[in-house]
1. Between residue 291 and residue 11, what is 0.36 nm times their sequence separation minus the Cα-Cα distance? Round to one decimal in nm.
2. Which log10 I(q)/I(0) values does segment 264-408 give at q = 0.12 Å⁻¹ under the Debye formula, counting every alpha carbon as one identical point scatterer?
3. Given +1 on the Cβ of Lys and Arg, -1 on the Cβ of Asp and Glu, and no further charges, what dipole in debye does segment 201-332 carry about its Cα centre, rounded to the nearest 20?
4. Which of the three applies to segment 1-142, rounded, prolate or oblate, going by the alpha-carbon gyration tensor with a ≥ b ≥ c and a/c under 1.5 meaning rounded?
5. Once segment 318-368 is represented by equal point scatterers at the alpha-carbon sites, with solvent omitted, what log10 I(q)/I(0) does the Debye formula produce at q = 0.18, 0.23, 0.25, 0.30 Å⁻¹?
6. Please build a GNM for the chain, connecting alpha carbons under 10 Å apart, and tell me which residue among 375, 64, 390 fluctuates the most.
7. How would 231, 154, 327 line up from fewest to most surrounding beta-carbon atoms within 10 angstrom?
8. Tell me the Kirkwood radius of segment 227-270: reciprocal of the mean inverse pair distance over distinct alpha-carbon atoms, in Å.
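FYI, it's all coordinate maths here, none of it is from the lab. What you see is a predicted model, and the numbers here were worked out from it, not measured in a lab. Reconstructed Cβ throughout: ideal geometry from the backbone, glycine too, with neighbour counts over all protein chains shown.
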Amino acid sequence: MACRQFDLVADHLQIPESERSRIKFPKRSMTVALPIERDDGSVEVFAGYRVQHHLTLGPTKGGLRYHPDVTLGEVAALAMWMSWKCALTSLPYGGAKGGIACDPRSMSPAELERLTRRYTQEMIPFIGPQVDIMAPDVGTSEQTMAWMMDTYSVHMGYSVPSIVTGKPVGLGGSVGRREATGRGVGYLINRSMDTVGLNSSGATAAVQGFGNVGSVAAFSLAKYGIKIIAVSDVNGGLFNDRGLDLWKLEQHVAQKKTVAGFPEAEPITNEQLLTTPCDILVPAALERQITEANAAKIQCRILAEAANGPTTPEADAILEQRPEIFVIPDILCNVGGVVVSYFEWVQDLQSFFWTETEVTDKLFRILEGAFVQTLTMSRKRKISMRLAALSLGVRRVQEAKRVRGLFP
Ligand code: GLU
């Protein structure tokens, strides 16, 4: 998917063949075997990956994912998207992504700690605050980052908070980092509503995924006066046309670890959620949710891609024939997370910490700039928001590679 998208962008930007592979190929791809002792005394070997897409503009940046479906190819695609995402907002980073093929839901905290420390240890030759900086992604959290920071710091002999972002605030994390992606999604949806002339009072939203991104996005939309009529997670979904009480739902999730079974709603499937009539549809889970099979059936005015890669290229072709749907493409929609990761890294390097108001103001200013640039390009060239956002990102990487030149 990522390569096909890149080819479309390269055609649009008329990037010469001689430069294409140089921009497309990941610079470094690592696979590591991670043997750990399970709580029952047995030893299991997990596969861990890290792909650093390009190192042209500074260190690489991107999350670490724990999920049974993680493969090297998926990680490479996610790393490439991180490159365009960072370039779209002019962050001084290349993209990266990492992952471990495991099911974190079936592992104890002690097993997860051993796995995380083992992975960090294996990655030590390839990471560093000026080389590659990890952050949370699907299945990882602030705690994961704390273990990584500790493992790296013990190896160096002194504390190195800037080795990861998305850490607990008490360890050098940034205030507002945990909420950043969801808050950014909320800001961009609100901005898009102005653009398409949709009034927030009475507007409805359906959110797929109720993790760190989906739940914060839902709360942020509710703050703008939007009614959340459907949410879902891996165990199923909920629907209530009068709007879900998010505070009660949050308490339910804290106890049951899932949205399923929430009493004040009807159960629905994830597939039903995606085709629920609503003003705003927010896929905030995994890739490839909006496909050829359901793209013609989605019934929203704004599609806000909070997840990475939720829409397949085939679905995209269908959406391009549906101008009534305004798409906020993933690399723009969820960029708030990595923007505040950048703020966290800068604060760590300077050992000088900002207030939440400073973080949020600076975040919204960057999002506004990226939104306006993408919208302007999309309108001027009569291209989709996705092609516009990707073109802005790819072009910046292309220009940087061109002026740096090819080392003999
Ligand atoms: N995992 C997040 C993403 O996909 C955040 C990455 C980061 O902050 O480095 O954008």
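1. Extending this stretch completely gives an extra 98.5 nm.
2. Debye output, listed in q order: -0.63.
3. Here segment 201-332 has a charge dipole of around 420 debye.
4. prolate
5. One equal scatterer on each Cα of segment 318-368 leads to -0.65, -0.86, -0.95, -1.14.
6. In the Gaussian network model the winner is 375.
7. Lowest count first: 154, 327, 231.
8. 10.1 Å
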